[in-house]
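Sharing a structure here in structure tokens format.
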Amino acid sequence: MLDTQRADFLSCYGHSTPTTPCIDKIGEEGAVFLDNISPAIWTLPSVASMMTGVHPHSHGAGAHNETFNAEYPTIADCLNDQGYKTTAFYANKYCMMSKREFAETHRPPGAKYTVPEQHDLSRDRVELAKSWLDQNHLQDQNPFFMFVQLMDPHLPLHPPEEFKHFVLDDATDEEIAEINQETLDTWSGRHKITERQYAILRSMLDGETAFADSLVGKLADYMREKEILDDTIFIVCSDHGDMLGEKHSNFGVHDHFTHHLCVYEELIKVPLVVRYPKTFPAGSRVENPSQTLDIYPTLAELIGFGAPHCQGFSLTSALTDKPERTFTLTEYQKSAHVGVRMLSRVDPTMDVRLYMRWLKAFRKGGMKYIWASDRHDELYDLKSDPQEQKNLIAESPEKANELRIEMENFLVSLPHVWYGDNVDTARADSASVDRMRALEMFHELP
């Protein structure tokens, strides 16, 4: 899993820069799911959905609840019962919250979002994964389930030396050093990233994407060399994308930068490439919609274990002209996660109401409806307006209402859990949490 990897920066998804030759090759030997949507817009709820096969509505993890408590069986749980060896190589704490039921978990000591340490840790993670295969599968041929998280291309964007040629030729070291990549500074409106700086950042994202691609290639090539790749369901995916100043409405307060706070395509459309010659024909380019929570029921079908709780659909259905999935759903809860950080690290008196919206994106038949708890709803025709520049909510209220009702009916059909509000108070002072309580934006269960 490539953390924070938006689909449109991969060459197999049409990017004009050749960033991903290794993933392209995997896609040529398997299937590229061209309209793949994450069920959430940041790591914790997205990975929780991937590992449980259910929507955030049902597992409860999100921007208001930084915990993973739901009692759904994970992929690792089911595969343990099938006699698989299960292992995970993690890069950050929010992804690690999904570690439940993995027989082994690995996270290098001192793992953090710094450069160049993060690049070294990513390299180490792949080498550890190769060593694990050597010791735990190649010797005894036991079936295995391995999850590898690469933090690239998560901010800060600073591609390693061998990938710096992707950065704009005329970008100087001084220019690059001056770019403030601290998310909270941009969200607060106290810092403005220029168009020139965004252009440099996009080229740096190319370099980070290419670096991550090279690590995927090293693992795939190792498995190919050991003659186990063709018998492995090899999946390349991401938890969410990222915003880099794309022009969308946000009440004129600040740019959309990195993730959280919106559900636009740059953030929810993520890569999903599957290689398994026995099932996925080489060179398949799948236009039917898919979601990353569909990985679980796909594995259940191909391996042969029960997963009646899953709310997704097997990806094999998407290969047909009568796919089971006809819509996608992305959810974002009120962001106590962002609110307490803004209060504790930016300004203890700032107005955080902007960040306390619940958002849902429902996509069907080329249309996209964005439901917002403050009724600032949006509607887009993705076929004629893929960049989501023309909000049709005022001129097509009937269509918006039709999609809203269908989305709500689907949510009503799902189990729902509520664990109250829980945030990482280690990174948020108690005064900020108290302020959120006083404003009735933070509610803990007794």
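Determine, yes or no, whether A428 is modelled with pLDDT under 90, touching a Lys or Arg at 6+ places or on another chain (Cβ under 8 Å) and of a type in the set (A, V, I, L, M).
Yes: the conditions hold for A428.
Shifting gears a bit: Just need a number here: residues in segment 395-443 that are within 26 Å of W371 (Cβ to Cβ), assigned to a loop (DSSP other than H, G, I, E, B) and out of contact with any Phe, Trp or Tyr (no Cβ under 7 Å at 6 or more places or on another chain).
The qualifying residues number 16.
Would you point out the residue of segment 166-192, among those that are in a helix (DSSP H, G or I) and free of Cβ contacts under 8 Å to residues at least 40 places away in the same chain, that is surrounded by the most Cβ atoms within 10 Å (Cβ to Cβ)?
I176
Can you find a residue that is in the same structural domain as F305 (by TED's automatic domain parsing), in contact with a Phe, Trp or Tyr (Cβ under 9 Å, 6 or more places away or on another chain) and assigned to a loop (DSSP other than H, G, I, E, B) anywhere in segment 193-204?
There is at least one residue in segment 193-204 that is in the same structural domain as F305 (by TED's automatic domain parsing), in contact with a Phe, Trp or Tyr (Cβ under 9 Å, 6 or more places away or on another chain) and assigned to a loop (DSSP other than H, G, I, E, B).
Could you check segment 334-345 and list, in sequence order, the residues that are outside any helix (DSSP H, G or I) and either of a type in the set (K, R) or in the same structural domain as S46 (by TED's automatic domain parsing) (or both)?
Residue satisfying the conditions is K334 alone.
Whether any residue in segment 256-263 is touching a Pro at 6+ places or on another chain (Cβ under 8 Å) and in contact (Cβ under 8 Å) with a residue 60 or more places away in the chain is what I want to check.
No, there is no match, as no residue in segment 256-263 is touching a Pro at 6+ places or on another chain (Cβ under 8 Å) and in contact (Cβ under 8 Å) with a residue 60 or more places away in the chain.
Collect the residues in segment 116-142 that are within 27 Å of the chain's Cα centre (by Cα) and assigned to a loop (DSSP other than H, G, I, E, B), keeping them in residue-number order.
Hit for segment 116-142 is P116, nothing else.
Right, another one. Quick one: which of L261, L184 is out of contact with any strand residue (DSSP E or B) (no Cβ under 7 Å at 6 or more places or on another chain), on the phi > 0 side of the Ramachandran plot and not assigned by TED's automatic domain parsing to the domain that holds M342?
On inspection, the qualifying residue turns out to be L261.
Exactly one condition in (1) at pLDDT 95 or above; (2) surrounded by 19 or more Cβ atoms within 10 Å (Cβ to Cβ); (3) in a loop (DSSP other than H, G, I, E, B); (4) not β-branched (V, I, T) is false for C12; which is it?
Tallying (1) at pLDDT 95 or above; (2) surrounded by 19 or more Cβ atoms within 10 Å (Cβ to Cβ); (3) in a loop (DSSP other than H, G, I, E, B); (4) not β-branched (V, I, T), C12 fails exactly one: (3).
The values are calculated or read from the model by the stated rules, or taken from the named source; none is laboratory data. Everything numeric in this text was worked out from a predicted model, so none of it was measured. FYI the Cβ positions are ideal-geometry reconstructions off the backbone, even for glycines, and counts take in every protein chain you see.
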